[in-house]
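Report on the following structure.
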Amino acid sequence: MIKGSMVALITPFHEDGSVNYEKLRELIEWHIEEKTDGIVVLGTTAETPALTVTERDEIVRLSIEVAAGRVPIIVGSGSNNTLVAKEQSIKYEKMGADALLVITPYYNKTNKAGMIQHFTEVANAVNIPIYIYNVPGRTGMSITYDVVEEISKHRNIVAIKEASGDISFVAQISRLINEHFTVYSGNDDMIVPLMSLGGAGVISVLANILPRQTHDMAMAYLEGDVELAKKLQLDYLEFINNLFIETNPIPIKEAMNQMGMNVGGYRLPLCEMDPSTKAKLIDSMKRINLLK
């Protein structure tokens, strides 16, 4: 199991809107230098729904090539179509992914039995670890405790990325943590609270701009330095909140561009930040000395 901070990596674009693969290569090298513990590509923060199949495949190929085994590459392979999720999972496993991130079905919502069958079908199709992804704010459907309890028994399902923001639910599923199954925070404002219940770390948006600090926060907790972990969580809390003042990844890409990282714009329907929310984001960056 990966412990610490995994970055939910953005997708950089050129001015003409095409994927900036050279910048992607640069970002991966930077994350390795900055001690990021794992790199998640084709997640929510990557604007995956707006990428073509060809672009997705090239992002995965390049990420695996650049990482070269120095850091795990976790690939988002989920879909609300179980057959597509299986096909994508098989393809990315063959390409060399270290693990897969599989979201709960969305739009065509299912019941408990359908949820279990969905994840079981995908998990049966591959031989690498699967992290299930619960993000009801995006999908309109939350996975339930009894579903997690059932599918966590599968040999390939080893973790859940929990992004509901419901600490009570986190406490429930934390009872399932064992040597085979763990929990990762999908919310940067809850890294330390979730880890206090036994979680192994975070799949982080914050890490796109503060990778070493996010790694240090998680590892400090794992190594017993609760005070340092708590301090880092609280020091960056205002900035974290402003990273979600508009739809992710709009604020994080704006923050990166403000820092001179030149990651480009967005794919519609995502677009530039409103001036009022941008001002709040910039102000919070100044407060933690990211900008003067």
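Consider Y145 carefully, then state whether it is touching a residue at least 40 places away in the same chain (Cβ under 8 Å) and aromatic (F, W, Y). So Y145 does not fit the description; no. Applying the criterion of at least 2 residues that are of a type outside the set (D, E) and more than 18 Å from the chain's Cα centre (by Cα) to the helices (runs of 4 or more DSSP H) found wholly in the range 237-292 leaves 250-258, 275-287.
The set of residues in the range 9-68 being part of a loop (DSSP other than H, G, I, E, B) and within 18 Å of the chain's Cα centre (by Cα) consists of L9, I10, T11, P12, E34, K35, T36, D37, L42, G43, E47, L51.
I'd like to know if the range 105-119 contains one or more residues that are closer than 14 Å to G78 by Cβ, polar (S, T, N, Q) and modelled with pLDDT of 95 or more.
The answer is no; no qualifying residue exists.
Say whether the condition of being in contact with an Asp or Glu (Cβ under 8 Å, 6 or more places away or on another chain), touching a residue at least 60 places away in the same chain (Cβ under 8 Å) and surrounded by fewer than 22 Cβ atoms within 10 Å (Cβ to Cβ) is met by at least one residue in the range 268-281. Yes, the range 268-281 contains a residue that is in contact with an Asp or Glu (Cβ under 8 Å, 6 or more places away or on another chain), touching a residue at least 60 places away in the same chain (Cβ under 8 Å) and surrounded by fewer than 22 Cβ atoms within 10 Å (Cβ to Cβ). Annotation for the range 195-203: at least one member residue is hydrophobic (A, V, I, L, M, F, W, C), touching a strand residue (DSSP E or B) at 6+ places or on another chain (Cβ under 9 Å), part of a loop (DSSP other than H, G, I, E, B) and on the phi < 0 side of the Ramachandran plot. Within the range 97-128, the residues that satisfy the criterion of being part of a loop (DSSP other than H, G, I, E, B), of a type outside the set (A, V, I, L, M, F, W, C) and open to solvent by less than 50 Å² (accessible area, probe 1.4 Å) are T104, P105, T110.
I want to confirm something. Restricting to the range 133-176 and keeping residues that are of a type in the set (F, W, Y) and either open to solvent by less than 30 Å² (accessible area, probe 1.4 Å) or in a strand (DSSP E or B) (or both), which single residue is nearest to N248 (Cα to Cα)?
If we filter the range 133-176 for residues that are of a type in the set (F, W, Y), which is where we start, we get 133, 145, 169.
Next, only the ones that are either open to solvent by less than 30 Å² (accessible area, probe 1.4 Å) or in a strand (DSSP E or B) (or both) stay: 133, 169.
Numbers: Y133: 16, F169: 23 Å.
Checked the range 133-176; the qualifying residue nearest to N248 (Cα to Cα) is Y133.
Being surrounded by fewer than 22 Cβ atoms within 10 Å (Cβ to Cβ) and either modelled with pLDDT of 95 or more or not aliphatic (A, V, I, L, M) (or both) is true for just one of L42, L83, L9, L27. Which residue is that?
Matching residue, one of L42, L83, L9, L27: L83.
The values are calculated or read from the model by the stated rules, or taken from the named source; none is laboratory data. Since we're looking at a predicted model, the values are computed, not measured. Ideal geometry is used to build each Cβ from the backbone, glycine not excepted, and the neighbour counts take in all protein chains shown. Keep in mind that these areas ignore ligands, DNA and RNA; they rest on the heavy atoms of the full protein, side chains included. Shrake-Rupley method; radii C 1.70, N 1.55, O 1.52, S 1.80 Å.
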